Amino acid sequence: MSRRKIILGTRGSKLALIQAESVVARIRGATPHFEVTISKIVTKGDRNRHVQLDRVAGVGVFVKELEEAMLSGRIDLAVHSLKDMPTQIPEGLCLAAVTERLDPRDVLVSRGQRLAELAPGSRIGTGSLRRAVQLSACRADLEVCSIRGNVDTRLRKVTEGEFAGVILAAAAMQHLGCQEKISEYLPTEHFLPAVGQGAIAVEARLNDSEVAELATLLNHLPTWQSVTAERAFLKALGGGCRAPIAALGAVKNGKLKLEGMVADAKSRKIIRASMADSDLSSEELGAKLAQKLLAMGADEFIAEAKGIR
C-alpha cells in the first residue's frame, strides 16, 4: 500500500523550520503511513520585518498566508508558534494539536549581566509591548527600545554593543540550541509570558479527517489544557486588541491554575490576578479570570487600546 503524501507548511525562518522538523519527526514516530514534506511560506509579518509588530495592520500576521494555503489545498497541515495564532480560527480550519510546551518564560540575553545589574539608562531591545511594559515596571530607569529581526540578528545587536541586552523567549533559545547565551531566566512573577508562548501549534483542515486525526496523535494534554485556558482568557478580553495581555496556565496534580495580566501601554499600569477551579473547564476558567480582570479595571485599558475612549 502506497503511503499518503502530506505537505506541512511553515514560515521559512531558522526557528520556524526547526519547529516544523520537530513536528515531522513526531509524525514519523507516530505512524509510518504518511510521507511528509515541508513547504516554506512567506507571511505578512516576515515581509514587514522593519515595522514594529503592534503597528502591522491586522491580526495573525505570521499565520494568515499559511491558513490560506491550507484552505486552497496547497498544504495539508500548518505549524505555528502558538503565540502567533489569533483566537479566531478561520472557518474550515481547526487547532488540531499542541506539542509539549518548552520553558514558557522570557529570558534576558546581555553581556553577562542580570537585569538587576544593568546600569541605569542601558538600552534593552524587545519587539513586544507586553515585555516592554513589564520591563518598565521592574526597571523604569532602563531605556526600552523597539527591535525586529530573527533571533540571530537580535543577539548580534547585543554582541556589537547596540543594545545592553534583549528579551527573548526561552523556548526560542532552546529550539536554536542557544541556552548558553542566556544571562537570566526572567521570573513569571514579573514577566508573565504571551498566551501560548513555548508551545507549537498544529493546524489542520476540518474536512480532512485523516490528517486531522493524525495531528491529534501529537497532542500533549497538559499543554492543551493550559493553552486552552490562556486563549479563552485572551478571547474574552477581545483577543485582537493592542493592549499588552499575558497569561500562563499550568497543570499541577491534575489541577489547572491560570495567571493573567492586562496593562495600559501609556501609563504602564498593570492589573494582574490568578485563579484555580477544578470544577471549571479550561475555557470557563479562562473566561472567568478575564471577567475578574475586567472588573478590576482592565476594561479601561482595553478600551484605550482600541481607541474607543
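Looking only at the range 100-128, how many residues end up being surrounded by fewer than 20 Cβ atoms within 10 Å (Cβ to Cβ), over 19 Å from the mean Cα position of the chain (by Cα) and not charged (D, E, K, R)?
Residues meeting the conditions: 7.
Can we say Arg131 is under 19 Å from the mean Cα position of the chain (by Cα), under 24 Å from Val262 (Cβ atoms) and among the basic types (Lys, Arg)?
yes
Being assigned to a loop (DSSP other than H, G, I, E, B) and among the polar types (S, T, N, Q) is the filter; apply it to the range 138-185 and report the residue that is surrounded by the most Cβ atoms within 10 Å (Cβ to Cβ).
Only one residue tops the list, namely Ser183.
Would you say Ala204 is aliphatic (A, V, I, L, M), out of contact with any Pro (no Cβ under 9 Å at 6 or more places or on another chain) and closer than 20 Å to Leu95 by Cα?
Answer is yes for this residue.
Here is a check on your reading of the model: is Glu213 surrounded by fewer than 16 Cβ atoms within 10 Å (Cβ to Cβ), out of contact with any Lys or Arg (no Cβ under 9 Å at 6 or more places or on another chain) and farther than 27 Å from Leu155 by Cβ?
In short, yes.
Report, by residue number, each residue of the range 189-210 that is of a type outside the set (A, V, I, L, M, F, W, C) and surrounded by 24 or more Cβ atoms within 10 Å (Cβ to Cβ).
Pro193, Gly196, Gln197, Gly198, Glu203
Yes/no per residue for (1) out of contact with any His (no Cβ under 6 Å at 6 or more places or on another chain); (2) modelled with pLDDT of 85 or more; (3) surrounded by 14 or more Cβ atoms within 10 Å (Cβ to Cβ); (4) farther than 22 Å from Ala171 by Cβ:
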site: Ala25; (1), (2), (3), (4): yes, yes, no, no
site: Phe34; (1), (2), (3), (4): yes, yes, yes, yes
site: Ile38; (1), (2), (3), (4): yes, yes, yes, no
site: Ile41; (1), (2), (3), (4): yes, yes, yes, no
site: Gly45; (1), (2), (3), (4): yes, no, yes, no
site: His50; (1), (2), (3), (4): yes, no, no, yes
site: Asp54; (1), (2), (3), (4): yes, no, yes, no
site: Phe62; (1), (2), (3), (4): yes, yes, yes, no
site: Leu66; (1), (2), (3), (4): yes, yes, yes, no
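State all residues of the range 206-226 that are in contact with a helix residue (DSSP H, G or I) (Cβ under 6 Å, 6 or more places away or on another chain) and not in a loop (DSSP other than H, G, I, E, B); if no residue qualifies, say none.
Within the range 206-226, just Gln225 meets the criteria.
Conditions first: (1) free of Cβ contacts under 8 Å to residues at least 12 places away in the same chain; (2) under 25 Å from Leu66 (Cα atoms). Asp279 passes all but one, so which condition is the exception?
(2)
The values are calculated or read from the model by the stated rules, or taken from the named source; none is laboratory data. On a predicted model such as this, the values are computed, not experimentally measured, just so you know. When we count neighbours, we look across all protein chains shown, and the Cβ atoms used for this are built from the backbone with ideal geometry, even at glycine.
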